[in-house]
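The values are calculated or read from the model by the stated rules, or taken from the named source; none is laboratory data. None of these values were measured; they are calculated from a predicted model. Note that each Cβ is placed from the backbone with ideal geometry, even for glycine, and that neighbours are counted across all protein chains shown. Areas reflect the complete protein model, heavy atoms only, side chains present, ligands, DNA and RNA absent. Shrake-Rupley method; radii C 1.70, N 1.55, O 1.52, S 1.80 Å.
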Amino acid sequence: MTFLVSPVANPGPTSPGPTLADFGHDPLWISIIKAVFLFVFLMVGVLMGVWTERKLISRMQHRYGPNRAGKFGLLQTVADGLKMGLKEDLMPRKVDKLLYFLAPVIIAVPAFLAFSVIPFGPVVSMFGVKTPLQLTDLPVAVLLILAMASIGVYGIVLAGWASRSPYAILGGLRSSAQVVSYEIAMGLSFVAVFLYAGTLSTSEIVAKQADGGSFALGSLNIPLPSWYAVLLIPSFLIYVLTMLGETNRVPFDLPEGEGELVGGFHTEYSSSLKFAMFMLAEYVNVFVVSGVATTLFLGGWRAPWPISLWDGANVGWWPMLWFFAKLVLLFCFFVWVRASLPRVRYDQLMHFGWKVLIPLNLAWILMVASFRALRVDNSPLVIVLMAIVVVGALGVYFRFDTVLQRRREQRAAQEAEEFDQLRDQPTAGGFPVPALDLPHYHGATTGLNRKEVPSA
Amino acid sequence: MTGYFGSYVVVAVLLGVGVAIFAGGLLANRLLRPDRPTAEKLTTYECGVDPVGEGWAQSQIRYYVFTYLYVVFAVDAVFLFPWATVFADPGFGLTTLVEMFVFLAFIALGILYAWRKRVLTWT
């Protein structure tokens, strides 16, 4: 028996797709098929993802990358996985045995669970049963994804704690501080989407992106873009940054600092199956955040513009292809970022998360909410409120700016004073300091008449 | 698998399946792998040098106050979600907007306070 391509009755090219009401009717065996598919998809996805990342990044760095095991090195990850599954596992004597064992499970399982609410496609006919291409959907689906991300943090903290190694615990704490900080900004960047979609259910958010509607400006009807990535571009940009931070990827890959933390929270997990599970969870998390980006901002499984002109683009099994294409492109974006950017410093990371992303997000939510209110009930009071918000936000910003500017000037003056003192008495700081202002630091060659001596 | 909680049951079952798969994987790994421990193998790795003293070392944890801030903000975000969901429905309008502005102002005040107290800097 084969999967039948049979769309729902009279779907039409702009059928918005399944809603919450379409879920909860699956027979048990359909749910089992979908769950098995999810696990197989994510496992194979991780195998292929690791290979893609290594291959892509090596091409970006003018290397070949893995090319020994199998054609194009395709079997490299399989070989690594088999090795990790079959080699001796060391459990150091001092570790907390139970938590050391549990941590990889706690980090890997929620990563898989988050994928249960990601929509892959519309309602299709699977062995004669009409069912949406999504394991399940909840009225609080996006909240479930955020909750799973939070539970994953427990795995990180417990792995660091149970290892009983100073580097592991430092890495674990640093990693959890980073993930929780970026999670807040991530949650706030969703609020604007909810304001427009009016629901937390992933399938309905995708349905809401089917058609952007139009904005009436006087007698002019301006069609709005249907993807929230375009409509709510600040939210999307903030989400893209937080998804890099949330999954501990470059440029926010601080949990593993070779020079300062050894391997971070998984230092004590020798290259065994447990270590493989940490890596697996990391890649599955990348897929989860990419899937969320696709669903919430990039139109989900719906075809992008030129393809969407074709009537059959958004029905049947085709949408799965568009979804995978978006997922793969986002994954390639992760690799591209990794090949291009250096990592940031820890305090820069926290500074960016708390002092830039969160306040920006709050201000943006206020703006979006006011704008929505203006469309819901068109009263002059909303405009007054909007003006107050803008003026207030600008006022707070300028106040901070002047305070920060004053502090910066103070610090610069202090440093200049210190330099003056050290120039006068090089040993004043308790240890000898070389002269800080030698002429050749400034490119001067006065007094020196060096000549190149030809060798040999 | 029907009814309001049907979808939640699916998630719970998937949780069970996930735990079973990973626990099963670790169990299979235990049966398949060689196991020849020696005292040297079982020392903590740390950074490659023989470990000194107890496993944990005292050190200053930066940014631990952020975890408190996280709790505050996570709860706030959860309160924002239902508001954002019903915001445009009939019966909610300007009043909802103003109420949420007041709520957001309180949050903003919280982060401004932490900022002013220099909690958000490297200490």
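For (1) within 27 Å of the chain's Cα centre (by Cα); (2) more than 10 Å from every other protein chain (Cβ to nearest Cβ); (3) on the phi > 0 side of the Ramachandran plot; (4) acidic (Asp, Glu), each residue gets a yes or a no:
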residue: A:Phe72; (1), (2), (3), (4): no, yes, yes, no
residue: A:Lys83; (1), (2), (3), (4): no, yes, no, no
residue: A:Leu86; (1), (2), (3), (4): no, no, no, no
residue: A:Leu90; (1), (2), (3), (4): no, no, no, no
residue: A:Pro104; (1), (2), (3), (4): yes, no, no, no
residue: A:Phe115; (1), (2), (3), (4): yes, no, no, no
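Quick check on my filter: what residues within segment B:2-11 are facing chain A (nearest Cβ under 8 Å), part of a helix (DSSP H, G or I) and open to solvent by 30 Å² or more (accessible area, probe 1.4 Å)?
B:Tyr8
Determine which single condition A:Ile57 fails, assuming it passes every other condition in (1) more than 14 Å from every other protein chain (Cβ to nearest Cβ); (2) open to solvent by less than 70 Å² (accessible area, probe 1.4 Å); (3) closer than 25 Å to B:Leu15 by Cα; (4) not hydroxyl-bearing (Ser, Thr, Tyr).
So A:Ile57 meets the others, but not (3).
On the basis of being farther than 25 Å from A:Lys94 by Cα, out of contact with any Lys or Arg (no Cβ under 6 Å at 6 or more places or on another chain) and surrounded by fewer than 16 Cβ atoms within 10 Å (Cβ to Cβ), does B:Leu14 make the cut?
In short, no.
Can you give me the number of residues within segment A:167-187 that are more than 14 Å from the chain's Cα centre (by Cα), of a type outside the set (Gly, Ala, Ser) and surrounded by 24 or more Cβ atoms within 10 Å (Cβ to Cβ)?
2
Looking at segment A:132-153, is at least one residue among the aliphatic types (A, V, I, L, M) and part of a strand (DSSP E or B)?
yes
Can A:Val206 be described as in a helix (DSSP H, G or I) and assigned by TED's automatic domain parsing to the domain that holds A:Trp364?
For A:Val206, the condition - in a helix (DSSP H, G or I) and assigned by TED's automatic domain parsing to the domain that holds A:Trp364 - is met.
Look at segment A:64-86 and say how many of its residues are β-branched (Val, Ile, Thr) and within 18 Å of B:Phe22 (Cβ to Cβ).
Of the residues in that region, 0 qualify.
Within segment B:94-123, count every residue that is part of a loop (DSSP other than H, G, I, E, B) and open to solvent by less than 20 Å² (accessible area, probe 1.4 Å).
Going through segment B:94-123 one residue at a time, the tally reaches 1.
From the list A:Ala103, A:Ala79, pick out the single residue that is surrounded by 14 or more Cβ atoms within 10 Å (Cβ to Cβ) and over 30 Å from A:Leu135 (Cβ atoms).
A:Ala79
Kindly provide the set of residues from segment A:82-98 that are crowded, with 16+ Cβ neighbours inside 10 Å and of a type in the set (A, V, I, L, M), ordered by number.
Correct list: A:Met84, A:Leu90, A:Met91, A:Val95.
Which condition breaks for A:Val123 when tested against (1) surrounded by fewer than 24 Cβ atoms within 10 Å (Cβ to Cβ); (2) hydrophobic (A, V, I, L, M, F, W, C); (3) in a helix (DSSP H, G or I); (4) in contact (Cβ under 8 Å) with a residue 24 or more places away in the chain?
Tallying (1) surrounded by fewer than 24 Cβ atoms within 10 Å (Cβ to Cβ); (2) hydrophobic (A, V, I, L, M, F, W, C); (3) in a helix (DSSP H, G or I); (4) in contact (Cβ under 8 Å) with a residue 24 or more places away in the chain, A:Val123 fails exactly one: (3).
Take the residues in segment B:22-36 that are within 7 Å of chain A (Cβ to nearest Cβ) and either open to solvent by 50 Å² or more (accessible area, probe 1.4 Å) or in a loop (DSSP other than H, G, I, E, B) (or both); name whichever of them is farthest from A:Ser272 (Cα to Cα).
By that ranking, first place goes to B:Arg36.
Across segment B:69-86, which residue is farthest from A:Leu195 (Cα to Cα) among those that are free of Cβ contacts under 8 Å to residues at least 24 places away in the same chain and more than 7 Å from chain A (Cβ to nearest Cβ)?
This residue is B:Val71.
Which condition from (1) surrounded by fewer than 17 Cβ atoms within 10 Å (Cβ to Cβ); (2) part of a loop (DSSP other than H, G, I, E, B) is the one that B:Tyr45 breaks?
Going through the list (1) surrounded by fewer than 17 Cβ atoms within 10 Å (Cβ to Cβ); (2) part of a loop (DSSP other than H, G, I, E, B), B:Tyr45 breaks only (1).
Within segment A:225-238, is there a residue that is assigned to a loop (DSSP other than H, G, I, E, B) and free of Cβ contacts under 8 Å to residues at least 24 places away in the same chain?
yes
Going through segment A:268-327 one residue at a time, which ones are under 30 Å from A:Leu86 (Cβ atoms), open to solvent by less than 10 Å² (accessible area, probe 1.4 Å), assigned to a helix (DSSP H, G or I) and touching a Lys or Arg at 6+ places or on another chain (Cβ under 9 Å)?
A:Val286
Do you know which residues across segment B:87-123 are among the small types (Gly, Ala, Ser) and facing another protein chain (nearest Cβ under 9 Å)?
B:Ala88, B:Gly93, B:Ala105, B:Ala108, B:Ala114
Give the residue that is farthest from the other protein chains (Cβ to nearest Cβ), with candidates limited to residues of segment B:49-60 that are of a type in the set (A, V, I, L, M, F, W, C) and surrounded by 14 or more Cβ atoms within 10 Å (Cβ to Cβ).
B:Trp56
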